[in-house]
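Worksheet for the structure shown next.
The values are calculated or read from the model by the stated rules, or taken from the named source; none is laboratory data. Because the structure is a prediction, the values reported are computed rather than measured. A quick note on method: Cβ atoms are made from the backbone with ideal geometry, for glycine too, and the neighbour counts reach across all protein chains shown. Keep in mind that these areas ignore ligands, DNA and RNA; they rest on the heavy atoms of the full protein, side chains included. Shrake-Rupley method; radii C 1.70, N 1.55, O 1.52, S 1.80 Å.
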Amino acid sequence: MPSQINSMKPLKPELLAPGGSLDKCRIAFLYGADAVYVGGKDFSLRAFARNLDDEELAMARYMARALGRKLYVTVNVFASDADLHALPKYLRYLADIEVDGLIVSDPGIILLARRFAPHIPLHLSTQANTTNALSTLFWKEQGIARINAARELTFEQLAAIRRQTDVPLEVFVHGAMCISYSGRCLLSAFLNDRSANRGLCTQPCRWSYGLVEEKRPGQVFPITEDARGSYIFNAKDLCLINELGRLMQLGISAFKIEGRMKGALYLAGTVRAYRQAIDQYWQNPENYEAEQSWREDLDAISHRPYTLGLLFSHNEASHPSDISSTGVLCQSHTLAGLVHHLPAREFPGPQTGTFNGTPDKWTTMAVRSPLQKGALLEFLNSDGTNLLHRLDRFEDINGRPLATAHPNTVIRLPLPFETHPFQVIRTRKQNRLITS
Ligand code: SF4
């Protein structure tokens, strides 16, 4: 058995965020991610995410390097022999554009990556389910540079592994969870012919189920836990913001946020909350305390009721079960839109004026939710602050005044403060439902 070998001084952990598209990579970096993980068009789980084509991967890599951040590419499909034929070319391409790491799980792909992208560090995906210290040593011998610890571990088990190995460890701190061992689930393949292990999961674990007695075929007995049905496999979402200090003490190398298919509001809210938590702990560990505003950011986004996962669930008095008894998603806010990357001056019409006595700046906004005159907009800054603005004067790009704005249109509006491209704007949901 490995002995207690790890006396490394902990480095500041990396905040690793999902990048389901090039724009999402921009948002993740903007709100403070140290690194982003993305999928290419093939060989990556999350087939429903937009993912990045080869040119976009090169662009994302360039962007990361320019900002002093990192880009990892997931190649974590469980490959069939047919997949393996196309992989060498793809791996050579990823080596050519010098991505900072490949996220892998299939031993065959690991062999190919070592051969065709020998200088690119290999990070072991959660799909490999690493649950003990000996496994970390095994994977180290296979050339793995970092390991994502299985979500099935308790804190004590994670701490024991950390003590016994010098392999950098990565831990999921936020996002959706599988009810099965991560990624090792046949529900979707069995019920819907879409395999989770090919990134095609349709999440049947979250469907509503009934009970059928075998002598009464066709007679479905509801096993109701609320009026919507029963969601017996429906895992709550992981949220470790309040426990981050304990994880920092362990010397974890990276904190990972799940969700390549999630939207801009999720990305901005999660990344800036965990960014501030990591920075505050690092600056002043003795007096570290999770701030209410971080939790508010995490409550603002669409999520199932939160849980501390298996890592801390035995401490969780308020939510003793990891199973959500309802299919309802909680969300206090909705994505109002994004500051558009086109400069306002490209549009005709008035460009300067005064607004509430303050010189105003005209900003273009890509609208994502229906907006009425009078809506309160919150512009999210990366430092955790928000700038509030009542939407009382806005127009279309031809300068026509508007009273409502529709999703997927562009409007412009005068603001008494500066904005920047890809800044996320949220607004409170009308009938908000917070059940966590
Ligand atoms: S069906 Fe549920 S448990 Fe299975 S892979 Fe999909 S999300 Fe995970």
> If you keep only loop residues by DSSP, which GluC sites (Glu not before Pro) in segment 39-120 have at most 15 other Cβ atoms within 10 Å of their Cβ?
Replying inline: Glu98
>> Going through the cross-link list Lys41/Lys429; Lys12/Lys140; Lys236/Lys429; Lys70/Lys373, which pairs have a Cα-Cα distance over 31 Å in this structure?
In response: Lys41/Lys429; Lys70/Lys373
> Which percent of the accessible area of segment 39-185 is formed by carbon and sulfur heavy atoms (probe 1.4 angstrom)?
Replying inline: 53
>> Rounded, prolate or oblate, given the Cα gyration tensor of segment 371-436, with a/c below 1.5 counting as rounded?
In response: oblate
> Averaged per residue, what accessible surface does segment 91-171 expose to a 1.4 Å probe, in Å²?
Replying inline: 38
> What's the carbon and sulfur percent of segment 231-273's accessible surface, probe 1.4 angstrom, rounded to a whole number?
Replying inline: 51
> Among 261-268, 119-126, what's the highest-first ranking by average C-beta atoms within 10 angstrom per residue?
Replying inline: 261-268, 119-126
>> Using a 1.4 angstrom probe on the protein heavy atoms only, could you order Phe221, Phe172, Phe116 from most to least accessible area?
In response: Phe221, Phe116, Phe172
